[in-house]
Each structure stands twice: as structure tokens, then as C-alpha cells.
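The values are calculated or read from the model by the stated rules, or taken from the named source; none is laboratory data. Because the structure is a prediction, the values reported are computed rather than measured. Positions of Cβ are backbone-derived with ideal geometry, glycine not excepted, and every protein chain shown enters the neighbour counts. Side chains are part of the model used for accessible areas, which takes the heavy atoms of the whole protein and leaves out ligands, DNA and RNA. Shrake-Rupley method; radii C 1.70, N 1.55, O 1.52, S 1.80 Å.
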Amino acid sequence: MRFSWHCMLLLFCCFFWQNASGQLLQQIMGQVVDRASQEPLPGVVIRVVERQRLTTVSDSSGHFVLAEVPVGKHTLTLEYPGYQPQTIANILVTSGLEVELQIQMQESSHRLKELVVSTKRRSVNELALASVKTFDAQETERYAGSRGDPARMASNFAGVQGADDSRNDIIVRGNSPAGLLWRIEDVDMINPNHFAIPGTSGGPVSMLNNKTLATSDFLTGAFPAEYGNSISAAFDLKLRNGSSSRYQMSAQLGFLGTELLAEGPISSKRRSSFLVAYRYSTLQLFQGLHIKIGTESVPAYQDLTVKLNFPLGKRSELALFAIGGLSHIDLIVSDLKEPPQELYGESDRDQYFTSNAGMAGLSFKRMLGKKNFIKFVSAFSGNNIDAHHDKVFRDASYQVDSLKPILGYRFGTQSWNTHLFYQQKINARNSFRLGLINNTYFLNYIDSTRQYPPTRQDWQNRLDYNGSFSLAQAYVEYKYRPSDRLSISSGLHAQYFSLNESKALEPRIAARLLLPKGQALSLAYGLHSVLQPLYQYVAHLPGTSPNALLNKNMGFTRSHHFVAGYDRALGKSVRLKAEAYFQYLFSIPVETRQGSSFSNINQGSSFTRTFPDSLKNAGNGKNYGIELTVEKTFSHYYYLLFTGSLYNSIYSGNDGVQRSTDYNGVFATNLLVGIEPKLSPNTTLVTGAKICYAGGRLYSLPDVAASNAQGDFVVLDSMRNSERFPNYFRADLKLGIRINRPRLTHEIALDLVNIFGTMNVLNLTYSPELAAQGQYPFLKSYQLGFLPLFYYKIDFGWR
């Protein structure tokens, strides 16, 4: 069917073009606090740049309200005696939802001298001085192809790229996605994605609802001492509080889910609030309504995010939060009457997969004085994964002959996570933080297979473990600001793994110097460590006792990070940023088998688990490269972002050969542009485009004879990662419109992913059918083709 998307948008505009006469108004409210001590700041002058008459002053508790702000994007300036002036740009104001901000201001270290004015958005973590990108919920929706997913959004940043179009795993500076740390509300969380696989940090669909996120940090190297158990990157995500002044709702119907969000005051007088967001798979909803969608293999998922916030007087705050998701899919091929042309999954088996995950916790923050506070966060999180595969045997006419169960596993991972820290601001120049983190894991794992070779009848049990252990961490951080232009942070991180008594002590240091003409230099160093996938510690060889844990004594993978950066403002809204980095990785688990090229550095970005032979911490690797970012923030109705990186990622296995890792793409570039002109005072056209061009994926030549004997892909060790597929190219386009009406906002958009349908090669796969026919048994699998994603959203509120 031939259909014109721009005609549909035009009809929608005509249908909703009944705008109220005159400019619609909304209010901006929030609180201003000291960046280091979190003490509320009274008397801060806040102005709307575009409407200088719109000015207000924060009250005794740091709260402020700017009333009658016209809808559109605005910039705020904040001024307070003894503090550095601050500018916050691109605040989106709509008629449907009030804007509520949490703002931190930096005290000047030299009050009598000229202040350094910085218009760049500051990181949430004041100790992050290099390799940090701060983002908000608006950015996760702005960029074409991001799908409202923080991880997919991050793939637009310099040095970051996706591993697989069907998943949101991200490769940061050539590191495995398994080295990524997810931290939510100051505690670590197991993989927050639907359809998650053990040992990975990503999945096909994010469980996180971007509409519930506050301004957050993404750190890509040499991060501060409070972040442990990571050698790649860290997502430090914050959930925003619900509106404390009025009730608001947001409803959205889209290809990726049907959503409903509600927020509002529990007690307006005490400023307590609630925030609840729920999402349900739209395709599953259609199937339940008996609407034909072209396939029976429908991904079923739903997720829920909740935050309740309770200020306890003027000095304390209690918050309860929860994130949870359920996902399930059945990939049934035994019902097919002819060989499929294209299938998501393997074509020789029926697959049943369930993945459920969640976290619930509380945080308590207490101001002990005007310059110090303490915070305690405790949460219980869990991840339960269940899978079952049946091999399908067919006769010469493609009729099903028999089904044979060949794989079954159940991974239950629960963890109790706590984080206690104390922060002290000594004066305008000095501050420090002390913290303790403990993650106690409770595992219930079982995994058995008789997949390979296909003639195998006996079950091979690889996992049968029920037990617990802990990862304990402690850190101290200190920040020194001898002047407004120079900031130095240093720290020490320690961690201890109780299962095998592994220990690590890691120094961290960073400095940032502001230079004339909007320039800045930054330097950072850090030693970092990460655990291996938990299931690999407790696996055993088939035929041996489940208590004979094969790789229980694996130590941490460790990495030295060195970063140097340069920033320069090229105008009021344009900046250039360049960073160079070097990482030396060591103590990487590699197989003890002589001549083996296997290394754990290559794991963590697929739909399978890896059960290697006996491992030892004897491998090493290097990642080094340069990154460039040129960004024009939104002004004059458009924004532009270019990111590029040149890098090398290499490692050595037990064979002693230095070769590329699985993630050595050599280069990656992104160009993003968005134009958002106003069609009327209350209506905005929202468009965006993205072009990604990156190095092709590496692949290994197969051992054909061994693969045929095994019935699966067997790598030729000496030729691991010796070949490369053609370079990757993808273009995405977003078309939408935002219409403000009295007390509500409509938004409709199409996100056209891979608009040209480019066939990017993902990997080589083994085909039992081709092998049975005596043909070359390997074929290419491809990334996602053209994917149109539609959504319609409506926001509204009332008092």
C-alpha cells in the first residue's frame, strides 16, 4: 500500500489547528541549592532571557515560581551574591505540563574577583571533570532513531556506538558492553532492559521510561571514585519527582508501547508528590484485540516506574521508588509450512523465553548543618530469566517429523544493594565525600543442554548453583578549587568480592582548567575493576559435581584510564570538544588451553551465554583513540551535532597473538540535525535527521569441519577477528508536530529508522539445513531493515 506520511501529518494539523487566540502560558517552578552542600539558597534572582520582565526570587527554602511563561523554548539566568552566575538553556515549556527544575549553583572561590561565567550545563556529579555527558529526558526524545531510550541516545555521543540494531548494548571506546555500570537513584541495578540475557548490560527494549528521568550523567572513562565495578562507562540515572503543585497526566500510543503517566501532589503544603508511569506492549495489545499484525511471534512486555517523594520538614527528605518489567516471547517455527525468508531467531528450533526484572527501594537524605548532609539508599533488585528450546526435525517435504528438547535454563539473580555516603563542604574551595556500597547477590541458577552435536541424547548440566556472596565497596573523594578557573578532584576506591576474596584498590584524579575565550583543558586518570559475568564463577564442567566450580577464583578485569580533553566555545551556542584517551586492560580472563584466542573481553553483546573452558587472569588489551564533538545547541529554531572518533581496540589471548577485539570498529561518525520552527505561537514543527557511518563489524573465519561435526559455528582460533564486513551506514528521519491548546498539548511523530533500508551485515551464522544439503554451511545475518515507529502523545494537567 502506498501512503504519504506528510499527508497524514497535514491532516492531523488541520484536525487540531483550533488554537486558542493569543499566546498560551505556563509556569516554571523549582528549587535552587548549593552544588556542594545541597543547602537551599534564598534570594537567588531568576530571569527568563526571552522575557526580561519575567523575573522572580527564590524564597527561604530555595523554591521559586515563574508564572505566565509563553509556551516554547526558553533560557533562564540565575544570579546570587558570592556564586557563579548560571545559564540554563533550551527549557521546553508546553501548555500541558508545568516545568519543575532542580538547580545547583557553584559558590565562587574568590568572591571579590571577577566571576567566571559558564553557560555550559554542569554535570550532576560535581566531581566529574572529564569524559562526562549530562542529559535530560528531552534529549532522549529529540534525536532521530533514539526511540526514547537513554542507551540508544548515548550512541550519538563521541566514542560511543551501538553493538547491534536489534539491541541497545553500547560500545564505549572499544570496551565490551558488559563493562557498563547501571546506577539508578544512587544504587547499582542489574540490567534494566526487557528480554535481557545473563552477562549482558543491554536488550531489545529498555525498561526505563524516559519521561520519569531527571537530569542525569553518562560517564565514559576515568570516572570519580564513587563508581566501581566498571571499566567501560557508567549511567548515573536519577528519577525526577512528580509535580508538587498540580495533577498532571501524559498518555502515549506508539509502536513500542502504550503508556500512561500520572503525577501530582500528595500534600501541596508539605510538597510531597507521586509519579507513576506504566507501559504495555502495543503489539500485544493489538493481538489481544484480535487485530492481525502479520506474525504470531509477538514480543510481550510491560513495565512500571514509581517514585513517591516526602520532604520531612526543612532538613530531611524520604523517597520510595520502584522500577519493574515483565517480558516474554515465543518464537515458534514448527508451525511454518515452508522455509522462512527472514526470521528473528534461529530457524531450526522453537524458542520460549521469559525475562522479568525489577528494583524497589528507599532513600533518606538528612541535612546535618548548612554545609553537610548524609544520604542512605537501600534497594532490592531481581532478574529472573527462563528459556526453553525444542529442536525441530523435518522430513524432505518440510513436514515436522519430531520435536526434541535441547536447551533449558533458569537464571534467578536477586541482589540487596545499599549505598551510604556523607558529604561535607568545608568552604568555597574544599569539599569531600565518604561512601560505602554493598551489593549482596543471591543466585539460583540451572542450565542444561544437549544442543551439540545434534545427535546427542544425554543432557549436559553446566550450572546448578544456589548460594550468595557480596561485592563490598568503599570510597573517599576530595575536591579542591584554588580559583574559579581551576578544579581538582581526587579519590580512592576499594572493592572486595567475598566469593573468592578478590580485592582492588583504585586511585582516581582529575583536573579542569578554564582558559580565556571560552576554552577549557581537562586531564583525568583512574584505575578501574569489574567482575566477570556472575554465572561464569559458579559454572562447572558437565559430568562433574555442581560444587566443583570451574572458574570460581577468577579475579577482576582491571584497566588504567588516561584522558585529556579540550573544550572551546565557538560562539554563543556552538562549542567544540576534543578528547584523547588511552586504556590499558590487564588481568583479563583467557582460556588456559594452549593456542586459544578466547578472551572474556569479547563477551557481553549477544543473545547467548558463554561457557568457556578453565580460565586464568592472564590476558591484556589496549584501547586508544581521539574523539571530536561539534555541537550547536538549539537556537534560532535548529540544532546540530557532529561526533566522530578514530580508535583502536586490541587484545591478546593465551596464544600470545595481538589482534582486534570484537568491538574494534576503527572509526565512527554521527551527524544529527533538527529543525523546529514555529508554525504559529502555539504550534511547532518537530523534525530531526541522523546519519551514522562507522567501521564494519569484524568476524572470524570458521573451522568448517569442526562446525559440521559440532552442529554450530566453531571459530578457527588462528583467524579470530581477521575479516571485516563492509562499513555500516544508517540514516534516520523524524517528522512530528507539537500543538499546544489550553491546558493540554498534543504531539504526533514518525521516527523512520534506517529510512533507506540499508542492509548492514551483523555476523556469520551456521545453517544446519545448508550443511545437510552438502553446501557451504554459513550465511550472513543482517541488521534491522527499515523500521517506521509512530507515536501520539497528549499531556494535560489540572489543579
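If you take the beta carbon distance between E769 and N444 as r and set R0 to 25 Å, what does 1/(1 + (r/R0)^6) give as a FRET efficiency, to the nearest 0.05? List each step's numbers first, then the result.
Working: r = 37 Å, r/R0 = 1.47.
So the FRET efficiency works out to roughly 0.10.
What base-10 log of the normalised intensity I(q)/I(0) is obtained for region 626-724 from the Debye formula, alpha carbons as equal point scatterers, at q = 0.14 Å⁻¹?
So the normalised log intensities are -0.71.
List the residues whose amide H sits under 5 Å from the amide H of S700, counting only those 5 or more places along or on another chain, with H placed 1.01 Å from N in the peptide plane.
N721
If you take all C-alpha pairs in the chain, what percent of them are over 53 Å apart?
Details: 36597 of 318801 pairs.
Roughly 11 percent, once rounded to a whole number.
So, by mean Cβ neighbours within 10 angstrom, what's the order for 599-605, 245-251 with the highest one leading?
Values: 599-605: 24.9, 245-251: 17.0.
Final packing ranking: 599-605, 245-251.
Under a crude label model (7 Å from the Cα following the beta-carbon direction), how far is K517 from L368 in nanometres?
Spacing of the two 7 Å Cα→Cβ label points: 4.6 nm.
Which value, in Å², gives the accessible area per residue of the chain when a 1.4 Å probe is used on the protein heavy atoms? Don't skip to the end; give the middle numbers.
Values: 32560 Å² over 799 residues.
Dividing the accessible area of the chain by its residue count gives 41 Å².
Relative to the first principal axis of the alpha-carbon coordinates of the chain, what is the inclination of helix 5-16, with its axis defined by its Cα atoms, in degrees from 0 to 90 and to the nearest 10?
Roughly 40 degrees between the two axes.
Under a Cβ-only charge scheme (Lys and Arg +1, Asp and Glu -1), can you give me the dipole magnitude of the chain about the Cα centre, in debye to the nearest 20? List each step's numbers first, then the result.
Values: 79 positive and 65 negative charges, 633 e Å.
That gives the chain a dipole magnitude of about 3040 debye.
Using 0.36 nm per residue, how much length does the chain from F255 to S378 gain when fully extended, once their Cα-Cα distance is taken away?
40.8 nm
When the Cα centres of region 639-684 and region 509-561 are compared, how far apart do they sit, in Å?
Result: 23 Å between the Cα centres.
If the only charges are +1 at each Lys and Arg Cβ and -1 at each Asp and Glu Cβ, what is the size of the charge dipole of region 528-593 around the Cα centre, to the nearest 20 debye? Intermediate results must be reported in sequence, preceding the final value.
Values: 7 positive and 3 negative charges, 56 e Å.
In debye, rounded to 20, region 528-593 gives about 260.
Residues of region 63-105 with the amide nitrogen closer than 20 Å to a label point 7 Å from the Cα of S268, along Cα-to-Cβ, please.
The answer is 63-69, 95-101, whose backbone nitrogens lie closer than 20 Å to the label point.
Taking the Cα centre of the chain as the origin and placing charges on Cβ (Lys, Arg +1; Asp, Glu -1), which of P177, Y409, Y465 is farthest toward the positive end of the dipole?
The residue sitting most towards the positive pole is P177.
Assuming R0 = 22 Å, can you tell me the calculated FRET efficiency for the pair D401 and Q451, based on Cβ-Cβ distance, to the nearest 0.05? Don't skip to the end; give the middle numbers.
Details: r = 18 Å, r/R0 = 0.81.
Computed FRET efficiency for D401 and Q451 comes out at 0.75.
Would you please give the residues with an amide H less than 5 Å from that of N727, counting only those at least 5 places away or on a separate chain, with H modeled from the backbone geometry?
The answer is G696.
Quick one: check the C-alpha center-to-center distance for region 171-218 versus region 473-495, whole angstrom.
Using only Cα atoms, the two centres lie 26 Å from each other.
Reachable aspartates and glutamates from K793, Cα under 17 Å, same-chain residues fewer than 8 places away excluded?
E98, E139, E141, D149, E259, E263, E747, D751
Taking a cut-off of 20 Å between Cα atoms, list the lysines near K391, but don't count ones fewer than 8 places away on the same chain.
K337, K404
Nearest 500 deg cm²/dmol is fine: what mean residue ellipticity at 222 nm does the chain get from its DSSP H runs of n ≥ 4 alone, each adding -39,500 (n - 2.57), divided by its residue count?
Details: 7 runs with 46 residues, N = 799.
Using -39500 (n - 2.57) per qualifying helix, the result is -1500 deg cm²/dmol.
Among the aspartates and glutamates, which have Cα under 15 Å from the Cα of K552 when same-chain residues fewer than 8 positions away are ignored?
D464, E501, E591, D613
Can you quote the Å³ per residue value for the convex hull of the Cα atoms in region 414-482, rounded to an integer? List each step's numbers first, then the result.
On the way: hull volume 7.8 nm³, N = 69.
Enclosed volume per residue, from the Cα hull, is 114 Å³.
Using a basic spin-label model with each label point 7 Å from the Cα along Cα→Cβ, how many nm lie between A360 and V476?
3.8
Rank-order 388-395, 364-371 by packing density, defined as the average count of other C-beta atoms within 10 Å over each peptide's residues, highest first.
Top of the packing list down: 388-395, 364-371.
Rg and Dmax of region 651-780, using alpha carbons, in Å: what are they?
23.1, 70
Which length gain, in nm to one decimal place, applies between L25 and R410 when the Cα-Cα distance is subtracted from 0.36 nm times their residue separation? Present the calculation step by step, with values, prior to reporting the outcome.
Values: separation 385, 0.36 × 385 = 138.60 nm, distance 5.38 nm.
Taking L25 through R410 to full extension adds about 133.2 nm, to one decimal.
Quick check: residue separation of A569 and F756 times 0.36 nm, minus the Cα distance between them. What number comes out in nm? Please report the intermediate quantities before stating the final value.
On the way: separation 187, 0.36 × 187 = 67.32 nm, distance 3.51 nm.
Length gained, A569 through F756: 63.8 nm.
Using a Förster distance of 30 Å, how high is the FRET efficiency between N466 and F393, based on the Cβ-Cβ distance and rounded to 0.05? Show your work: numbers first, answer last.
Working: r = 34 Å, r/R0 = 1.15.
With R0 = 30 Å, the Cβ-Cβ based efficiency is 0.30.
Using packing as a proxy for protection, rank 195-204, 772-781 so that the peptide with the highest average count of other Cβ atoms within 10 Å comes first. Intermediate values should be presented prior to the final figure.
Numbers: 195-204: 23.8, 772-781: 12.2.
Descending mean neighbour count gives 195-204, 772-781.
Would you mind computing, in nm to one decimal, how far apart the modelled labels at T418 and L492 are, each placed 7 Å from Cα along Cα→Cβ?
2.3
Enumerate the calculated ³J(HN,Hα) couplings along region 55-65 in order (Karplus 6.51 cos²θ - 1.76 cosθ + 1.60, θ = phi - 60°), each rounded to whole Hz, writing x wherever the residue is Gly or Pro.
9, 8, 10, 5, 8, 5, 9, x, 7, 8, 9
Compute the distance from the alpha-carbon center of region 18-85 to that of region 705-784, in whole Å.
First find each Cα centre; the distance between them is then 46 Å.
Pairs to check: K133/K365; K632/K734; K365/K425; K211/K269. Give those whose C-alpha atoms are more than 23 Å from each other in this structure. Before the final figure, lay out the partial values.
Working: K133/K365 26 Å; K632/K734 19 Å; K365/K425 16 Å; K211/K269 25 Å.
Checking Cα-Cα distances, K133/K365; K211/K269 exceed 23 Å.
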